[in-house]
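> My questions will all concern the structure given below.
Nothing in this text is a laboratory measurement; each read-out follows from the coordinates by a stated rule. For clarity, every value in this text was computed on a predicted model and none was experimentally measured. Because the Cβ atoms are built from the backbone with ideal geometry, glycine has one as well, and the counts that use them run over all protein chains shown.
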Amino acid sequence: MVKRRRLETPSTADLDRIEQEFRSETSPRPPLSHSIAPIAQVAAETASQVQTEGADVRAVRARTEADAARYHKAQEEGLLITELPTREIAESAIIRDRMNVDEAEMLELRLSISSSGLRLPIEVYELEKPRPDGVRYGLISGYRRLLAVRGLYDLTEAEKYTRIRAILRPRTGMDAAFVSMVEENEIRSELSHFERGRIAVISAQQGAFANTEEAVAKLFANGSKAKRSKVRSFALIFEELGDMLEHAELLTEKRGLRLAAALRLGAEARLRDALSNHSADDADQEWALMEPVIVALESAPRDKSRGGRPKTEKQPSNWAGAKSIKTSTGITIRSMQDSQGFVLRFEGRAIDAERMDSLLTEIQFLLEKS
């Protein structure tokens, strides 16, 4: 039989000895903050902070955070208007479509800004890196407004004209910048035929578009097919004679289309010779230098191997005795009467489908008015 051990109650001295031995064998317990996981500690601190704040304070913080998010979103999308120093804006960061600025229009614009302020902000984009002269932004649209504000500072030296209201657009592709510039000028005041062709060629050369054809299609996407065709013709004039013509922006539509047709027939060398031999004081003199070359090509027999639409033989008609008048643009209008009423016939190179549509609208207006 196993002999049972007798248990005795430890004395006070025994308890003190046991406690001292336990403390010497174990390390001190770390504070509570170090004994829990970091994420749990953050959650606990946040919860305690929220519990101490009132509902009004939490609502104000929520509104502030929402406003900050909306502000940053608007800033990223280019929807904010700011004030920028005019000296920090490069008006020639991209080639402008408008070749000349009318001084009378600029004076009118300066007077308007002086009396009523700038109603419409300009558009800029931030350059990839500031230039040594302190320029930080490139101009997209608002060329005349920027020049007008700078002109007012030159005249008055007023501090308010050292800055201008602007919309800071995101740095997008060059194609979008060119489209924005062209749209602004087409709406405000139509570009000349030559200016349209010129900006199409330049934007393609600068890599904004794959080629001139794509530039015309995107820059003038809202124009009619006939308008884009004319832009291509004047683009050809800029490409082949842009460095020779001194009054190109004054080329009329009719003259420009005749000139482009001559260039397609290979007249570039002869036209350059004609322009280099004499100087022209105005657009009419410049045209007089080129017209003999163009007329010679127009009257020469066409080379059928070059393709193109074949000319149809003129059919005999009864218009020989008709009443006719000829306009200064070379259009002949013939009028005759038959059993059903009066008939009008329009002849000449200057007449096309677009002009005929315009004539029909005018005739309708006159007949309804009467």
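> What does a probe at Ser276 reach in segment 220-251, counting residues whose amide N is under 16 Å from the point 7 Å along Cα→Cβ?
240-246
> With a ≥ b ≥ c the root eigenvalues of the C-alpha gyration tensor of segment 202-311, is it rounded (a/c under 1.5), prolate (a/b larger than b/c) or oblate?
Note, shape of segment 202-311 comes out oblate.
> Peptides 80-92, 145-157: what's the order by average Cβ count within 10 Å, highest mean first?
On the way: 80-92: 14.4, 145-157: 16.4.
By packing density, highest mean first, the sequence is 145-157, 80-92.
> Moving to a separate point now. Could I have the simple spin-label model distance between Ala217 and Thr361, label points 7 Å from Cα toward Cβ, reported in nm to one decimal?
About 2.7 nm separates the two model spin labels.
> Starting with the highest mean, order 59-70, 112-123, 322-333 by the number of other Cβ atoms within 10 Å, averaged over the residues of each peptide.
Descending packing order for the listed peptides: 112-123, 322-333, 59-70.
> Can you classify segment 110-160 as rounded, prolate or oblate using the Cα gyration tensor, where a ≥ b ≥ c are the square roots of its eigenvalues, rounded means a/c under 1.5, and otherwise it's prolate if a/b beats b/c and oblate if not?
Working: a/c = 3.06, a/b = 1.66, b/c = 1.84.
Oblate, because a/c is 1.5 or more while a/b does not exceed b/c.
> Now for a separate question. Calculate the FRET efficiency for Asp243 and Glu65 from the Cβ-Cβ distance with a Förster distance of 56 Å, rounded to the nearest 0.05.
Taking R0 as 56 Å, the efficiency between Asp243 and Glu65 is 0.45.
> What is the calculated FRET efficiency for Ala288 to Arg349, with r their C-beta to C-beta distance and R₀ = 22 Å, to the nearest 0.05?
Numbers: r = 19 Å, r/R0 = 0.85.
For Ala288 and Arg349, the calculated efficiency is 0.75.
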